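Here the structure is laid out as structure tokens; the discussion comes afterwards.
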Amino acid sequence: MTNSEPPLYEGLPMATPPNPEVVEREKEKLSALENEGFLTRTLGYLKLIGPGYMQSALTLGGGTAAASLFAGAAFGYQLLWVAPVAMLLGVIMLSAIAHQTLSTGLRPFAAMRRYAGPFFAYGWAIGALLSSIIWHFAQYSLASAVLVDMGDAVSLSFPPWAMGMVVLAFSITVALMYGASPRWLKVFEISLKAMVWIIILCFGMVVVRTGVSDFGSLVSGFFSFKIPDSAQGVVGSTVVLSGLAAAVGVNMVFLYPYSLQARGWGKEHRSLAKYDLWVGMFIPYVLASSLMVIATANTLHGEFDGKTLSPVEAAQSLSLVVGPTFGRFIFNLGILAMALSSITLQMLCCGFACSEMFGFKVGGLRYRLALMLPAPGFLGAVFWGDIKIWLAVPTSILCGFLLPIAYLGFIKLQRSREYMGSEQPKGMRGAAWLFGMGAATLVLIVFLGWYAITKGPAYLKGIF
């Protein structure tokens, strides 16, 4: 290392780091589980997972709600394949990121800056910061709107700005748990798991109450891989691209490896991390997004005018099917859990991004101030109270353009023998993994480029 090269950092500088004895016991438990049968190992892993749920909680936000609601309302079951495919591409990339982070112990930003180049490192961090701030406005408008409607469902009247203040206070409190102590870290992760399953249970109840009239069409929707041209004025490729961009965001990619290091995970946790991505991220995300598509397909498909659709309107439409109070309240509760979890984790992402770029200690005062960077998004509840969720679709696409920078950076790290050393995946496994990462990146770049050239101008003209 020359004097001109920036330093590399191992581990995460937490204000209250994980207890080494607890981490060591966890490693011993994982080592013992390696020799157990599938069922015993699976049950053991279930008690230890957590970072994957953070990813599903972050991605289950306004972008996913927008893509899923519109997919079901405009195209019925035809686009059920989008969520599994999009998240599968994300699992490929995040599993590689987990392998790199846990094998080397180096903090990803510093490693990418050294071994992939400053362009990729700062493009990744700044992209994560910007997308978190941009998304906050829509999330606050979304959360305040459904809180107002939940109050209206039980004959209570709340102004949107007051509900925005409630969301802001809740999000700040929860975000400050992270890094405060190992105990609060555990509470934070448990609360996120609860919110993820609240989302799934709420939309599951809606689907059960609305019913499915054509199971054949539902099943084929997961395997058709077709992109419909348009329906009720909604362009199919726009909804598909929004779904791809919403499934894995650049802020999500930034937060993930640091959530691993915050728990003190190392080489011994690599198998657990992969399991965590499938059970904590892939399955909950696909369940929640698919249930939203099915719910709106059951209730709005064929009646949707293609112009406006907010969560409140979707919830109110359910009152005709599942009851004026129950339908609205349950649907809105699911949307609220999505917005709250995303807001909290977007704040967390800003804290980590600034910590890496400026050397703040995680949990310290400057880190806590960095958490507040997206807080002006609260104004979305004040000045953007009549937001139509369709505006979340171009927001997803805009933020999606920032993601390939991070993906290309991690591909360079995966190919760097200097960085990975003896832990670099080799042989057919290594080649297949690299191919999957390249395919995930290429799909995103080609789809984004094609859309920007052929559909983007006309779509933006139609909105504005």
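The values are calculated or read from the model by the stated rules, or taken from the named source; none is laboratory data. Model, not experiment: these values are computed from the prediction. Cβ placement follows ideal geometry from the backbone for every residue including glycine, while neighbour counts extend to all protein chains displayed.
Tabulated results
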quantity: Test: residue in the range 65-72 that is in contact (Cβ under 8 Å) with a residue 24 or more places away in the chain and touching a Pro at 6+ places or on another chain (Cβ under 6 Å); calculated: no
quantity: Single residue of S181, S155 found to be within 27 Å of I49 (Cα to Cα), modelled with pLDDT under 85 and polar (S, T, N, Q); calculated: S181
quantity: Some residue of the range 82-105 being at pLDDT below 90 and not in a helix (DSSP H, G or I); calculated: yes
quantity: Qualifying residues in the range 123-141 (those that are surrounded by 24 or more Cβ atoms within 10 Å (Cβ to Cβ) and touching a Pro at 6+ places or on another chain (Cβ under 7 Å)) - the one modelled with the lowest pLDDT; calculated: H136
quantity: Positions within the range 77-96 being over 14 Å from the mean Cα position of the chain (by Cα) and surrounded by fewer than 24 Cβ atoms within 10 Å (Cβ to Cβ), in sequence order; calculated: Q78, W81, V85, I92, S95, A96
quantity: Matching residues, the range 135-185, being small (G, A, S), within 22 Å of the chain's Cα centre (by Cα) and assigned to a helix (DSSP H, G or I); calculated: A138, S141, A143, S144, A145, G164, A169, S171, A175
quantity: Any chance W197 is surrounded by fewer than 19 Cβ atoms within 10 Å (Cβ to Cβ), in contact (Cβ under 8 Å) with a residue 40 or more places away in the chain and either of a type outside the set (S, T, Y) or under 20 Å from F352 (Cβ atoms) (or both); calculated: yes
quantity: Residues of the range 21-62 that turn out to be within 19 Å of S171 (Cα to Cα), among the β-branched types (V, I, T) and not in a helix (DSSP H, G or I), as a count; calculated: 0
quantity: Residue within the range 36-54 that is surrounded by fewer than 24 Cβ atoms within 10 Å (Cβ to Cβ), within 15 Å of R263 (Cα to Cα), at pLDDT 80 or above and charged (D, E, K, R) present; calculated: yes
quantity: Residue, farthest from Y140 (Cα to Cα), within the range 324-342, restricted to residues that are of a type in the set (G, A, S) and at pLDDT 70 or above; calculated: G334
quantity: Count of the range 116-134 residues which are part of a helix (DSSP H, G or I) and in contact with a helix residue (DSSP H, G or I) (Cβ under 6 Å, 6 or more places away or on another chain); calculated: 10
quantity: Residue within the range 100-122 that is surrounded by fewer than 23 Cβ atoms within 10 Å (Cβ to Cβ), within 19 Å of the chain's Cα centre (by Cα) and not aliphatic (A, V, I, L, M) present; calculated: no
quantity: Helices (runs of 4 or more DSSP H) completely within the range 212-323 that count 2 or more residues being of a type outside the set (A, V, I, L, M, F, W, C), surrounded by fewer than 19 Cβ atoms within 10 Å (Cβ to Cβ) and at pLDDT 85 or above; calculated: 215-221, 270-276
quantity: Pairs, first farther than 20 Å from M177 by Cα in the range 369-398, second surrounded by 23 or more Cβ atoms within 10 Å (Cβ to Cβ) and at pLDDT below 60, C-beta under 9 Å, six or more apart; calculated: none
quantity: Entirely in the range 343-458, the helices (runs of 4 or more DSSP H) that have 3 or more residues that are at pLDDT below 85; calculated: 379-383, 392-400, 427-454
quantity: Residue check, I133 among the β-branched types (V, I, T), touching a residue at least 24 places away in the same chain (Cβ under 8 Å), on the phi < 0 side of the Ramachandran plot and out of contact with any His (no Cβ under 8 Å at 6 or more places or on another chain); calculated: yes
quantity: Enumeration of residues in the range 63-81 that are part of a helix (DSSP H, G or I) and not aromatic (F, W, Y); calculated: G63, T64, A65, A66, A67, S68, L69, A71, G72, A73, A74
quantity: Pairs, first more than 15 Å from G204 (Cβ to Cβ) in the range 329-344, second polar (S, T, N, Q), C-beta under 7 Å, six or more apart; calculated: A339/Q139; L340/S171; S342/Q139; I343/Q139; I343/S171; T344/S171
